[in-house]
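Peer 1: Below is the structure I would like to discuss, written out as C-alpha coordinates.
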Amino acid sequence: RFSSQAALLNAILFGRRERLDVSDREAFAISGTAHLLAISGLHIQFLAWLLFRITTILGLSRRRAAWIILLFACAYCAMSGANAPIVRATVMIVLYLGARAFYREADPLNVLGASALAILAVSPAELFNAGFQLSFLAVLALITLFPVFEAVWLRRQTWPIQPYPRSEQNSRRKQLADNLCRALFVSLAAWLGTAPVVAWQMGRFSTLSLLVNLIAVPLNSICMVAGLFMLVVDLFSTTAAGMIGWSVWLALFLQQTINSVVAALPFAAALLSARICARPR
(Lines give C-alpha, C1' and ligand atoms only; values in the text may rest on other atoms or scores of the structure.)
Protein backbone atom coordinates (compact mmCIF):
# COMPACT_ATOMS: atom_id res chain seq x y z
CA ARG A 1 0.00 0.00 0.00
CA PHE A 2 2.98 2.29 0.61
CA SER A 3 3.85 2.12 -3.10
CA SER A 4 0.44 3.51 -4.11
CA GLN A 5 0.80 6.40 -1.67
CA ALA A 6 4.32 7.11 -2.89
CA ALA A 7 2.96 7.28 -6.45
CA LEU A 8 0.15 9.59 -5.28
CA LEU A 9 2.64 11.89 -3.53
CA ASN A 10 4.77 11.99 -6.68
CA ALA A 11 1.70 13.06 -8.67
CA ILE A 12 0.77 15.76 -6.14
CA LEU A 13 4.28 17.22 -5.83
CA PHE A 14 5.59 16.94 -9.38
CA GLY A 15 2.63 16.01 -11.58
CA ARG A 16 4.11 12.60 -12.45
CA ARG A 17 1.24 10.13 -12.80
CA GLU A 18 2.92 7.21 -14.61
CA ARG A 19 2.90 4.88 -11.57
CA LEU A 20 -0.44 5.96 -10.17
CA ASP A 21 -2.86 3.10 -9.48
CA VAL A 22 -5.80 2.74 -11.85
CA SER A 23 -8.15 2.62 -8.86
CA ASP A 24 -6.83 5.97 -7.62
CA ARG A 25 -7.21 7.54 -11.06
CA GLU A 26 -10.81 6.38 -11.31
CA ALA A 27 -11.68 7.43 -7.75
CA PHE A 28 -10.26 10.92 -8.23
CA ALA A 29 -12.08 11.30 -11.55
CA ILE A 30 -15.47 10.20 -10.19
CA SER A 31 -15.23 12.30 -7.03
CA GLY A 32 -14.32 15.41 -9.01
CA THR A 33 -10.85 15.84 -7.50
CA ALA A 34 -8.81 14.80 -10.52
CA HIS A 35 -7.31 18.29 -10.72
CA LEU A 36 -5.34 17.46 -7.55
CA LEU A 37 -3.35 14.82 -9.45
CA ALA A 38 -1.74 17.43 -11.66
CA ILE A 39 0.44 20.36 -10.69
CA SER A 40 -1.94 23.29 -10.80
CA GLY A 41 -1.32 26.99 -10.60
CA LEU A 42 -2.96 27.07 -7.18
CA HIS A 43 -0.17 24.79 -5.92
CA ILE A 44 2.62 27.19 -6.74
CA GLN A 45 0.59 30.22 -5.62
CA PHE A 46 -0.03 28.57 -2.27
CA LEU A 47 3.65 27.69 -1.91
CA ALA A 48 4.63 31.25 -2.87
CA TRP A 49 2.28 32.63 -0.22
CA LEU A 50 3.70 30.20 2.36
CA LEU A 51 7.25 31.20 1.44
CA PHE A 52 6.31 34.87 1.78
CA ARG A 53 4.97 34.22 5.28
CA ILE A 54 8.18 32.40 6.23
CA THR A 55 10.39 35.24 4.95
CA THR A 56 8.24 37.73 6.85
CA ILE A 57 8.72 35.77 10.07
CA LEU A 58 12.47 35.69 9.43
CA GLY A 59 12.47 39.46 9.15
CA LEU A 60 13.53 39.77 5.50
CA SER A 61 12.61 42.89 3.57
CA ARG A 62 9.84 42.78 0.97
CA ARG A 63 12.34 43.26 -1.84
CA ARG A 64 14.48 40.30 -0.75
CA ALA A 65 11.39 38.20 -0.16
CA ALA A 66 10.17 39.05 -3.67
CA TRP A 67 13.44 37.87 -5.20
CA ILE A 68 13.36 34.63 -3.20
CA ILE A 69 9.77 33.94 -4.26
CA LEU A 70 10.57 34.78 -7.88
CA LEU A 71 13.54 32.39 -7.98
CA PHE A 72 11.52 29.68 -6.24
CA ALA A 73 8.59 30.03 -8.67
CA CYS A 74 10.84 29.83 -11.73
CA ALA A 75 12.79 26.85 -10.34
CA TYR A 76 9.61 24.97 -9.39
CA CYS A 77 8.12 25.72 -12.81
CA ALA A 78 11.14 24.22 -14.57
CA MET A 79 11.35 21.23 -12.19
CA SER A 80 7.66 20.32 -12.66
CA GLY A 81 7.81 20.32 -16.46
CA ALA A 82 6.53 23.85 -17.19
CA ASN A 83 3.00 22.83 -18.15
CA ALA A 84 0.36 25.45 -18.87
CA PRO A 85 -1.10 25.85 -15.35
CA ILE A 86 2.35 26.20 -13.76
CA VAL A 87 3.52 28.66 -16.43
CA ARG A 88 0.33 30.67 -15.92
CA ALA A 89 0.89 30.87 -12.17
CA THR A 90 4.59 31.70 -12.59
CA VAL A 91 3.88 34.50 -15.08
CA MET A 92 1.19 35.91 -12.77
CA ILE A 93 3.59 35.86 -9.81
CA VAL A 94 6.29 37.60 -11.87
CA LEU A 95 3.84 40.28 -13.01
CA TYR A 96 2.50 40.86 -9.51
CA LEU A 97 6.02 41.18 -8.09
CA GLY A 98 6.99 43.46 -10.99
CA ALA A 99 4.02 45.70 -10.30
CA ARG A 100 5.04 46.01 -6.66
CA ALA A 101 8.61 46.81 -7.68
CA PHE A 102 7.34 49.78 -9.72
CA TYR A 103 4.85 50.78 -6.99
CA ARG A 104 1.85 49.89 -9.15
CA GLU A 105 -1.35 48.07 -8.32
CA ALA A 106 -1.70 44.90 -10.42
CA ASP A 107 -5.14 44.28 -11.92
CA PRO A 108 -6.04 40.56 -11.65
CA LEU A 109 -7.81 40.38 -15.03
CA ASN A 110 -4.95 42.16 -16.81
CA VAL A 111 -2.41 39.84 -15.19
CA LEU A 112 -4.47 36.77 -16.15
CA GLY A 113 -4.83 38.00 -19.75
CA ALA A 114 -1.11 38.78 -20.02
CA SER A 115 -0.19 35.31 -18.79
CA ALA A 116 -2.57 33.73 -21.34
CA LEU A 117 -1.01 35.78 -24.15
CA ALA A 118 2.48 34.78 -23.00
CA ILE A 119 1.62 31.07 -23.18
CA LEU A 120 -0.34 31.23 -26.45
CA ALA A 121 2.36 33.32 -28.13
CA VAL A 122 4.80 30.45 -27.62
CA SER A 123 2.35 27.56 -28.10
CA PRO A 124 -1.06 28.47 -29.62
CA ALA A 125 -2.19 24.82 -29.45
CA GLU A 126 -2.35 25.09 -25.65
CA LEU A 127 -5.72 26.80 -26.09
CA PHE A 128 -7.28 23.38 -26.73
CA ASN A 129 -5.44 21.66 -23.86
CA ALA A 130 -7.53 20.62 -20.84
CA GLY A 131 -4.92 21.84 -18.37
CA PHE A 132 -4.87 25.30 -19.95
CA GLN A 133 -8.66 25.57 -19.99
CA LEU A 134 -9.12 24.34 -16.41
CA SER A 135 -6.38 26.56 -15.03
CA PHE A 136 -7.53 29.80 -16.62
CA LEU A 137 -11.26 29.18 -16.10
CA ALA A 138 -10.68 28.38 -12.43
CA VAL A 139 -8.71 31.58 -11.85
CA LEU A 140 -11.18 33.62 -13.91
CA ALA A 141 -14.04 32.30 -11.79
CA LEU A 142 -12.18 33.10 -8.58
CA ILE A 143 -11.48 36.64 -9.78
CA THR A 144 -15.03 37.38 -10.96
CA LEU A 145 -17.45 35.14 -9.02
CA PHE A 146 -15.85 34.86 -5.58
CA PRO A 147 -15.99 38.63 -4.86
CA VAL A 148 -19.70 38.60 -5.76
CA PHE A 149 -20.45 35.71 -3.39
CA GLU A 150 -18.41 37.32 -0.62
CA ALA A 151 -20.10 40.71 -1.10
CA VAL A 152 -23.56 39.13 -0.85
CA TRP A 153 -22.52 37.30 2.32
CA LEU A 154 -21.06 40.43 3.94
CA ARG A 155 -24.10 42.49 2.98
CA ARG A 156 -26.14 40.43 5.43
CA GLN A 157 -24.96 42.83 8.12
CA THR A 158 -27.27 45.51 6.71
CA TRP A 159 -30.33 43.26 6.74
CA PRO A 160 -33.11 44.02 9.27
CA ILE A 161 -32.64 40.69 11.05
CA GLN A 162 -29.04 40.08 12.06
CA PRO A 163 -27.85 36.45 11.89
CA TYR A 164 -25.67 37.05 14.96
CA PRO A 165 -26.35 39.11 18.08
CA ARG A 166 -23.94 41.97 18.56
CA SER A 167 -22.33 40.53 21.68
CA GLU A 168 -18.67 39.72 22.15
CA GLN A 169 -19.37 36.09 23.03
CA ASN A 170 -20.51 35.38 19.47
CA SER A 171 -17.49 36.96 17.72
CA ARG A 172 -15.60 33.66 17.42
CA ARG A 173 -18.65 31.87 16.05
CA LYS A 174 -19.16 34.67 13.55
CA GLN A 175 -15.52 34.53 12.44
CA LEU A 176 -15.70 30.75 12.06
CA ALA A 177 -18.88 31.05 9.98
CA ASP A 178 -17.26 33.70 7.78
CA ASN A 179 -14.19 31.52 7.16
CA LEU A 180 -16.30 28.46 6.36
CA CYS A 181 -18.45 30.47 3.97
CA ARG A 182 -15.38 31.88 2.21
CA ALA A 183 -14.02 28.34 1.76
CA LEU A 184 -17.39 27.28 0.35
CA PHE A 185 -17.47 30.28 -1.98
CA VAL A 186 -13.96 29.49 -3.30
CA SER A 187 -14.97 25.89 -3.99
CA LEU A 188 -18.27 26.98 -5.55
CA ALA A 189 -16.63 29.56 -7.83
CA ALA A 190 -13.95 27.13 -9.00
CA TRP A 191 -16.55 24.43 -9.54
CA LEU A 192 -18.82 26.69 -11.60
CA GLY A 193 -15.87 27.82 -13.72
CA THR A 194 -14.43 24.39 -14.46
CA ALA A 195 -17.49 22.08 -14.45
CA PRO A 196 -18.19 22.45 -18.22
CA VAL A 197 -14.58 21.61 -19.15
CA VAL A 198 -14.43 18.68 -16.71
CA ALA A 199 -17.68 17.30 -18.12
CA TRP A 200 -16.42 17.61 -21.70
CA GLN A 201 -12.93 16.23 -21.10
CA MET A 202 -13.84 13.35 -18.76
CA GLY A 203 -17.31 12.47 -20.02
CA ARG A 204 -18.92 12.63 -16.58
CA PHE A 205 -20.41 15.18 -14.22
CA SER A 206 -19.31 14.83 -10.59
CA THR A 207 -22.34 15.60 -8.45
CA LEU A 208 -20.43 15.69 -5.14
CA SER A 209 -17.36 17.57 -6.35
CA LEU A 210 -18.31 20.79 -4.57
CA LEU A 211 -18.51 19.16 -1.14
CA VAL A 212 -15.62 16.73 -1.59
CA ASN A 213 -13.20 19.48 -2.56
CA LEU A 214 -13.87 21.28 0.73
CA ILE A 215 -12.09 18.37 2.42
CA ALA A 216 -9.78 17.19 -0.37
CA VAL A 217 -8.14 20.55 -1.11
CA PRO A 218 -6.92 21.16 2.48
CA LEU A 219 -5.68 17.57 2.67
CA ASN A 220 -3.88 18.05 -0.62
CA SER A 221 -2.21 21.20 0.73
CA ILE A 222 -1.04 19.27 3.80
CA CYS A 223 0.38 16.51 1.59
CA MET A 224 2.16 19.04 -0.59
CA VAL A 225 3.72 21.11 2.19
CA ALA A 226 4.64 18.14 4.38
CA GLY A 227 5.99 16.21 1.38
CA LEU A 228 8.26 19.05 0.29
CA PHE A 229 9.39 19.58 3.89
CA MET A 230 10.17 15.86 4.15
CA LEU A 231 12.34 16.02 1.02
CA VAL A 232 14.27 19.00 2.37
CA VAL A 233 14.77 17.41 5.81
CA ASP A 234 15.92 14.18 4.17
CA LEU A 235 19.03 16.02 2.93
CA PHE A 236 20.15 16.41 6.55
CA SER A 237 18.53 13.59 8.52
CA THR A 238 16.91 10.43 7.20
CA THR A 239 15.44 9.63 10.62
CA ALA A 240 13.69 13.00 10.93
CA ALA A 241 12.43 12.71 7.36
CA GLY A 242 10.99 9.29 8.18
CA MET A 243 9.10 10.74 11.14
CA ILE A 244 7.62 13.46 8.92
CA GLY A 245 6.82 10.79 6.36
CA TRP A 246 4.29 9.20 8.73
CA SER A 247 2.24 12.40 8.78
CA VAL A 248 2.44 12.52 4.98
CA TRP A 249 1.32 8.89 4.82
CA LEU A 250 -1.66 9.63 7.07
CA ALA A 251 -2.78 12.59 4.93
CA LEU A 252 -2.42 10.54 1.74
CA PHE A 253 -4.32 7.64 3.30
CA LEU A 254 -7.19 9.96 4.26
CA GLN A 255 -7.17 11.43 0.75
CA GLN A 256 -7.40 8.00 -0.85
CA THR A 257 -10.06 6.78 1.59
CA ILE A 258 -12.33 9.80 1.08
CA ASN A 259 -12.10 9.56 -2.70
CA SER A 260 -12.70 5.79 -2.68
CA VAL A 261 -15.76 6.09 -0.43
CA VAL A 262 -17.25 8.91 -2.50
CA ALA A 263 -16.49 7.13 -5.80
CA ALA A 264 -18.32 4.03 -4.56
CA LEU A 265 -21.57 5.95 -4.10
CA PRO A 266 -24.05 5.27 -6.95
CA PHE A 267 -24.91 8.97 -7.32
CA ALA A 268 -21.33 10.30 -7.15
CA ALA A 269 -21.13 11.00 -10.88
CA ALA A 270 -23.50 11.20 -13.82
CA LEU A 271 -22.31 9.86 -17.16
CA LEU A 272 -22.92 12.09 -20.15
CA SER A 273 -23.95 11.08 -23.68
CA ALA A 274 -22.19 8.16 -25.32
CA ARG A 275 -20.86 10.47 -28.02
CA ILE A 276 -18.95 12.57 -25.49
CA CYS A 277 -17.85 9.62 -23.36
CA ALA A 278 -16.51 7.81 -26.40
CA ARG A 279 -14.50 10.84 -27.53
CA PRO A 280 -10.76 9.96 -27.66
CA ARG A 281 -8.70 11.38 -24.78
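Peer 1: Any idea how far apart residue 237 and residue 178 come out in nm if each label point goes 7 Å out from Cα toward Cβ?
Peer 2: 4.0
Peer 1: Ranked highest first by average number of other Cβ atoms within 10 Å, how do 264-270, 89-95, 186-192 line up?
Peer 2: Highest mean packing first, the order is 89-95, 186-192, 264-270.
Peer 1: Simple spin-label model, 7 Å along Cα-to-Cβ: residue 56 to residue 71 in nm?
Peer 2: 2.2
Peer 1: Take the Cβ-Cβ distance between residue 210 and residue 247 as r, set R0 to 25 Å, and report the resulting FRET efficiency rounded to the nearest 0.05.
Peer 2: 0.35
Peer 1: A further question follows. For 221, 3, write out the residues from largest to smallest accessible area, computed with a 1.4 angstrom probe and no ligands counted. Kindly include the intermediate steps, with their values, before the conclusion.
Peer 2: Numbers: 221 25, 3 90 Å².
Ranked list, largest accessible area first: 3, 221.
Peer 1: To continue, here is another question. Calculate, for the chain, the solvent-accessible area per residue in square angstrom, rolling a 1.4 angstrom probe over the heavy atoms of the protein chains.
Peer 2: 58
Peer 1: Which order do you get for 67, 200, 249 if you rank them by accessible area with a 1.4 Å probe, largest at the top?
Peer 2: Output order, biggest surface exposure first: 67, 200, 249.
Peer 1: Also: Want the number for residue 122 to residue 109: 0.36 nm per residue separation, take away the alpha-carbon distance, what's left?
Peer 2: Residue separation times 0.36 nm, minus the Cα-Cα distance, leaves 2.6 nm.
Peer 1: Next question. Tell me the accessible surface of residue 96 in square angstrom (1.4 angstrom probe, heavy atoms of protein chains only), to the nearest ten.
Peer 2: 80
Peer 1: Moving to a separate point now. What nm distance separates the two modelled labels at residue 270 and residue 225, each placed 7 Å from Cα along Cα→Cβ?
Peer 2: 3.7
Peer 1: Right, something else. Quickly estimate the mean residue ellipticity at 222 nm for the chain, helices only: each DSSP H run with n ≥ 4 gives -39500 (n - 2.57), and the total goes over all residues, rounded to 500.
Peer 2: Only helices count here, giving -25000 deg cm²/dmol.
Peer 1: State the percentage of accessible surface on segment 169-224 attributable to carbon and sulfur atoms; use a 1.4 Å probe and exclude ligands, DNA and RNA.
Peer 2: After summing per-atom areas, the C and S share lands at 70 percent.
Peer 1: Ranked from highest to lowest mean number of other Cβ atoms within 10 Å per residue, what is the order of the peptides 123-135, 45-57, 231-243?
Peer 2: Those peptides, ordered most packed to least, come out 123-135, 45-57, 231-243.
Peer 1: Where the eigenvalues come from the Cα gyration tensor of segment 1-138, what are the semi-axes √(5λ) of the equivalent ellipsoid, largest first, in whole Å?
Peer 2: Details: eigenvalues 166, 80, 26 Å².
Listed largest to smallest, the semi-axes of segment 1-138 are 29, 20, 11 Å.
The values are calculated or read from the model by the stated rules, or taken from the named source; none is laboratory data. All figures in this text were calculated on a predicted structure; none of them were measured in a lab. Glycine gets a Cβ as well: all are built from the backbone with ideal geometry, and neighbour counts include every protein chain shown. Side chains are part of the model used for accessible areas, which takes the heavy atoms of the whole protein and leaves out ligands, DNA and RNA. Shrake-Rupley method; radii C 1.70, N 1.55, O 1.52, S 1.80 Å.
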